[in-house]
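Only one structure is covered here, and it is reproduced in the block below.
The values are calculated or read from the model by the stated rules, or taken from the named source; none is laboratory data. If you're wondering where the values come from, they're calculated on a predicted model, not measured in any experiment. Cβ coordinates were reconstructed from backbone atoms using ideal geometry, including for glycine residues, and neighbour counts include every protein chain displayed. Note: areas computed on protein heavy atoms with side chains; ligands, DNA, RNA excluded. Shrake-Rupley method; radii C 1.70, N 1.55, O 1.52, S 1.80 Å.
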Amino acid sequence: MKINPLNVFRRLVRFYENEFKESSAEINGKELKLADEIASLIDHILDSSEMSVENETELDIEDEMAEIDFNKIHDYWNDDDDDDNDDDDDINSADGSTPPSQPSLQHSSYRPSHPEKAYTFVSLEDKIKHRFKFISHRRYLYSWEAQIGDGGSRNNKLTEIWKETLAAFRRAKRQRLPIHDGDLRRFALTANKSAGLLGFKATLRWVQTFKKANRIVSRKITKFVTEKSVLQDADIQQAGVDFVKDVKPLMEYVGLDNVKNTDQTGFNREMHSGRTLADKGVKQIESKMQSANAMTHSYTIQPILSAAGVLAPKMLVVIQENSGKFGPIVKKSLPTTPNLVIRASKSGKLDKAILKDFYKEVFFTGVTEPTLLLVDSWGAHMDEVLVDECKPKDLNLNVRIIPPGTTGKVQPFDVFYFRQKKAFIKFVDDRVIIDDIPFILHQRNSLIQLQSLTHNQFCSPRFRAAWQYPWYKAGYLDERPPQFDTPVEFCFKGPGVDAGDSCRKCTDSMFLKCGWCQEKLCFAHWWGLGYDSNGELIKCHYCTHYID
Ligand SMILES: [Zn+2]
Ligand SMILES: [Zn+2]
């Protein structure tokens with residue numbers, strides 16, 4: 001959609017004219033600077049094909065040097081007073097059901113994959129003006145009573161939880177990870193596992209107190225994300241529109257279930273270690289990253305999606321190995337993954353032989369009905385001989401090549417799906433680091449497990465509307481699919497997901513809500529990591545049990 005800056009200004013003038021028309025008309029240096037900044041933002045947006053605004057709220061320390069007085073903290077704290085309304089805390093949900101300040105995923109889900117530039121505005125939302133305002137007499141007595149009651153250890157335990165939580169927070173901040181209230185709760189609950197303070201729930205009230213005392217503030221971050229116009233050439237744009245128009249009658253003929261798109265996307269090492277490091281502790285983090293890099297692999301995935309919003313249960317994964325193949329020992333140690341076909345190559349990308357395997361073992365397996373296949377113009381796809389060699393003899397197959405330069409607009413995987421996949425994996429990746437889960441996510445076997453379990457979640461019938469959406473957005477479907485949650489929204493942020501909730505199978509904090517059965521699981525019980533309390537190896541949660 002075209003933007004006319006004059007319309008924007010007219011609207012802005014209406015916003016401000018009443019309040020400021022009496023003030024000085026002389027422009028000062030600051031105003032000049034602001035105007036220049038806004039002008040360059042608008043210039044940039046005018047040059048772009050897409051613009052979106054993202055808002056996120058995350059936590060940050062206002063003053064690193066703040067001194068903490070532990071005595072005051074314990075006087076102030078009382079575990080059971082969530083419904084106590086005698087302060088001015090801005091608690092969004094006092095019932096504790098949802099932690100406040102969760103970022104809206106609405107926007108980040110639609111982030112263009114290659115933002116040309118992001119303008120970022122940061123403001124301190126609920127800047128804390130005063131620290132401990134009061135310590136009421138009543139609270140003091142409560143706390144004193146409680147201490148005598150359990151031999152004075154309560155304060156020590158609280159201090160331990162407090163210090164641990166703060167350490168975890170600082171660790172995560174140093175790695176530039178986005179931290180929210182829910183993360184603080186999890187840090188505190190985890191800390192209490194070793195402190196063992198009975199009845200400690202890391203209530204929202206506790207989190208608010210913790211934030212105040214440590215000068216942790218919510219930063220509202222507004223980003224203008226733009227994508228450079230790649231479709232400037234009107235001819236190319238027209239080619240995309242024509243392609244969709246040509247394909248639509250064919251789609252009707254074979255039926256939505258038999259219209260398929262398949263495409264590759266790569267995952268690089270850089271994607272996972274690309275964090276900016278803070279000044280403090282740089283050495284330690286750098287060395288950690290380097291050793292991680294040496295053991296990680298670039299890799300490519302190739303899934304298949306139908307216009308009915310159904311993902312093919314099997315997906316191809318190609319892993320980069322220096323020799324171009326898995327050695328015998330590696331081969332033996334690969335995890336069992338029912339939904340992946342795994343290959344190795346020197347580049348971590350597909351070559352002709354692998355593509356052949358893909359068509360034979362993945363794409364055409366079980367396909368009998370007339371099929372319409374949409375693929376982009378990547379060299380090997382165009383090799384009709386290759387596809388022909390692989391397809392079942394009497395299968396009626398129609399292959400349509402998506403015109404070069406239009407995939408961002410008309411290839412369903414590029415329009416929506418791959419961004420969701422990367423968002424989900426980034427979420428898992430961040431949580432592994434935030435929670436200090438002791439293994440490297442991008443070692444060969446971990447990334448295979450990650451792709452297998454993520455693909456399993458994405459295959460849930462719950463996400464059919466989400467996977468139909470790119471077909472609608474690209475113009476192949478006229479009817480908009482019903483409202484949907486993306487997997488990140490449903491599994492990590494949706495209703496019923498609370499950082500304080502426990503795993504259904506153990507006492508650890510939940511990590512995700514299963515897209516199939518809706519069970520809440522900790523990381524270990526999703527991933528299959530370590531041993532349970534009976535000393536049994538924990539199995540991964542590979543789910544096919546759908547509960548609506
Ligand atoms: Zn568990
Ligand atoms: Zn499940």
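Summary table below
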| item | result |
| --- | --- |
| Residue list for region 491-506, restricted to those being touching a residue at least 40 places away in the same chain (Cβ under 8 Å), under 19 Å from Leu184 (Cβ atoms) and of a type outside the set (D, E, K, R) | Phe492, Ala499, Gly500 |
| Number of the exception - Leu477 against (1) of a type in the set (A, V, I, L, M); (2) within 30 Å of Asn258 (Cα to Cα); (3) within 16 Å of ligand 2 (Cβ to nearest atom) | (3) |
| Residue among Cys491, Cys517, Cys540, Cys459 that alone is within 13 Å of ligand 2 (Cβ to nearest atom), over 20 Å from the mean Cα position of the chain (by Cα) and open to solvent by less than 50 Å² (accessible area, probe 1.4 Å) | Cys517 |
| Failed criterion for His545 (all others in (1) in contact with a Cys (Cβ under 7 Å, 6 or more places away or on another chain); (2) closer than 18 Å to Phe424 by Cβ hold) | (2) |
| Search result, residues across region 520-537 that are more than 12 Å from ligand 2 (Cβ to nearest atom), of a type outside the set (Gly, Ala, Ser) and open to solvent by 20 Å² or more (accessible area, probe 1.4 Å) | Leu529, Tyr531, Asp532, Asn534, Glu536, Leu537 |
| Hey, Asp548 outside the structural domain of Val241 (by TED's automatic domain parsing) and within 15 Å of ligand 2 (Cβ to nearest atom) or not | yes |
